[in-house]
Structures are given as structure tokens and as C-alpha cells.
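The values are calculated or read from the model by the stated rules, or taken from the named source; none is laboratory data. Quick caveat: nothing in here was measured; it's all calculated off a predicted structure. For neighbour counting, all protein chains shown are included, and Cβ atoms are generated from backbone atoms with ideal geometry for every residue, glycine included.
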Amino acid sequence: MTALPKFKKAQYEFAAHLRDPKHNAAPSGIEDRRLKIYRDLFFNNVSGLMAQTFPVLHKILSQEKWQHTIRDFYAHYQCQTPLFTELPKEFLTWLSEHREAEADDPAFMCELAHYEWVELALSLAPDPELAIDIHRYGDLLNAVPVMSPLAWTLSYQFPVHQISPEVQPTEPPEDPSCLVVYRDREDSIGFIETNAVTVQLLSLLANNLESRLSGQALLTKLAEQLPQFPAETIQQGGLQILEQLRQKDIVLGTLADHTTAPHDRQSGRSIATN
């Protein structure tokens, strides 16, 4: 700091004071009334953004706990992005990887924060065109089903989608919660709670642009991977699952071949997965 030009030293002192006024003195010669405007403005902007992104966590924590947590993040974590919309991701990284847990933290705190962040991440995800033609209403059994990259399969130890100020489990249940969070063609965010069979099917679908298996072949492979279920049940139930996924735009349709009529084709959408 001593080797810096005077104006840069003043900038660092000003920024350090705004981040942590209790432990960093204000630059000399600036009226505290003016500094307070900046202190409140900067902190309240960050706190407000986090409250919007993590509304359930904000409601669950006491006001004192919330302010303490945001202040700790604001004062001590060195964010790696200049983008305001990326701050919630930085907060999540700090919360799950750098912050020391406190005795009064909810056991589900990090998982709930991740679940709430996913909605923002999907909302802001880029939307380039897929370089393929998709038949939205194609034959899901005989053609190649295509999964939307705008659908993320998630697993949590706690039932994060059920947590509220009235529902706050202290121990994870025996079975994890498997969820699919997705963005549909109208850019609305939705989620479905799913089971092990659907999760395994989605795993196969996620790689199907490379393997290009028909829906029938996918269900046959699924039955081989889940021998505890009758193959006939997998075949019948799997087709129903595929159709339900298509209705929610989790499955975009089927890969169109050269015989598909132009008016039946529809471009798909893509995002970078988390």
C-alpha cells in the first residue's frame, strides 16, 4: 500500500472501508455522513440481490443471521466476476466451499441455496440453436428422442423443494430427493420430483445425441441397467415417461431424418450445463 500512488491508496482504503467498516478505517477527509450513504447503498444492493435469489433461505434465517451471513460474504470473500448477476453463484461458492459452518446453520443450508440458485442459472443461461432438426411430435419409440439441455437433473440429501419456514428438517430422510429443473419453450422455469427409473432414463437421454439410440433401444438398455424391474414394466412405463417429459419440453422431440417434412421440423435449444 505504501508504494501505491496516493489516489490508488485512497481507492483501496475506500473500498476496504465499504466492505468491512468495523475493521477498516475510513479514508481521511471524507465526511462520515457521505460515507454512510455509500456503505448502505453497496451493502443493501448485495443483500437485496441475495434475498431475491434465495427467497426461502432469506425467510428461514432470522434477520440478524441473514445480515451477519451477507456481511461476512461481502466483507471477506474475493469474488472473481465483475458481473452483478454472477454474484449469487459467487455467494453459493463461498457458502459451500469457503465459509466455516456455524452452530446455528440449518443442516440443509447449502443444498437449499444451490436449489434456489438453479432457477436463476437456468433463467440466465444462453440459448443458442442446436445444429440439428427436431421433429417435435416424432415417434418416441422408433425415432431418436432428444433431451433439452435446458433440463438439469439434480439430487439432494434433503427435500429442498419442500423446505419452508414451517418445514425445516434437521436430518436427511433415508432416500435422497431427485429433481429435474427445466426451462420450457415459453422460458418458464419448472421442476418435477422424480424417481430412480426416470433419473436413469434421463442419464441415457443426456448422451443420446452421440449414441443416437431409438426410444425403443433406450428402454431396452434401461431395462438391462435395472434388472430389479420387469422388462415389460420398463417398456410400458418408459414410453409414458418419455411422453410426459416431452409435454414439459424436457424432451424436445425426436431427431428428424431426411424424410421428415419441412413443416414438421423445429429447431431445438441449448445451454451450457452446470
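Taking residue 146 as meeting all but one of (1) crowded, with 20+ Cβ neighbours inside 10 Å; (2) part of a loop (DSSP other than H, G, I, E, B), write down the number of the exception.
(2)
Just for the stretch 36-53: of the residues that are under 18 Å from residue 73 (Cα atoms) and aliphatic (A, V, I, L, M), which one is surrounded by the most Cβ atoms within 10 Å (Cβ to Cβ)?
Ranking the candidates gives 50 first.
Residues 159, 172: which one is modelled with pLDDT of 95 or more, over 24 Å from residue 213 (Cα atoms) and surrounded by fewer than 17 Cβ atoms within 10 Å (Cβ to Cβ)?
172
Every residue in the stretch 189-232 that is of a type in the set (S, T, N, Q) and at pLDDT 90 or above, please.
194, 198, 200, 203, 207, 208, 211, 214, 216, 220, 225, 228, listed by residue number.
So is residue 115 among the hydroxyl-bearing types (Ser, Thr, Tyr), surrounded by 20 or more Cβ atoms within 10 Å (Cβ to Cβ) and under 28 Å from residue 184 (Cα atoms) or not?
In short, yes.
What number of residues in the stretch 68-93 are hydroxyl-bearing (Ser, Thr, Tyr) and part of a helix (DSSP H, G or I)?
So the answer is 4.
Would you check which residues across the stretch 203-217 are of a type in the set (Gly, Ala, Ser) and without any contact (Cβ under 8 Å) to a residue 40 or more places away in the chain and list them?
Once the filter is applied, which keeps residues that are of a type in the set (Gly, Ala, Ser) and without any contact (Cβ under 8 Å) to a residue 40 or more places away in the chain, the stretch 203-217 yields 211, 217.
Would you mention how many residues in the stretch 8-35 are part of a helix (DSSP H, G or I), of a type in the set (Asp, Glu) and within 10 Å of residue 75 (Cα to Cα)?
0
Looking at 47, 123, 96, which one is under 30 Å from residue 254 (Cβ atoms) and either in a helix (DSSP H, G or I) or at pLDDT 95 or above (or both)?
Matching residue, one of 47, 123, 96: 123.
Which count do you get for residues in the stretch 127-161 that are of a type in the set (Phe, Trp, Tyr) and in contact with a Ser or Thr (Cβ under 6 Å, 6 or more places away or on another chain)?
Number of matching residues: 1.
For the stretch 93-119, name all the residues that are touching a residue at least 60 places away in the same chain (Cβ under 8 Å) and in contact with a strand residue (DSSP E or B) (Cβ under 9 Å, 6 or more places away or on another chain).
Of everything in the stretch 93-119, those that are touching a residue at least 60 places away in the same chain (Cβ under 8 Å) and in contact with a strand residue (DSSP E or B) (Cβ under 9 Å, 6 or more places away or on another chain) turn out to be 108, 115, 118, 119.
Looking at this structure, is residue 26 of a type outside the set (Val, Ile, Thr) and touching a residue at least 40 places away in the same chain (Cβ under 8 Å)?
When the stated conditions are applied, residue 26 does not pass them.
Could you give every pair whose Cβ atoms fall below 6 Å, whose first residue belongs to the stretch 174-202 and is without any contact (Cβ under 8 Å) to a residue 40 or more places away in the chain and farther than 21 Å from residue 229 by Cα, and whose second residue is assigned to a strand (DSSP E or B) and of a type outside the set (Gly, Ala, Ser), counting only separations of at least 6 or pairs across chains?
Correct list of pairs: 191/179; 191/181.
Given the criteria assigned by TED's automatic domain parsing to the domain that holds residue 183 and within 14 Å of residue 209 (Cα to Cα), does residue 144 qualify?
So residue 144 passes the test.
Which residue out of 120, 83, 92, 124 is surrounded by fewer than 16 Cβ atoms within 10 Å (Cβ to Cβ), aliphatic (A, V, I, L, M) and within 28 Å of residue 18 (Cα to Cα)?
Of the residues listed, the single one that is surrounded by fewer than 16 Cβ atoms within 10 Å (Cβ to Cβ), aliphatic (A, V, I, L, M) and within 28 Å of residue 18 (Cα to Cα) is 83.
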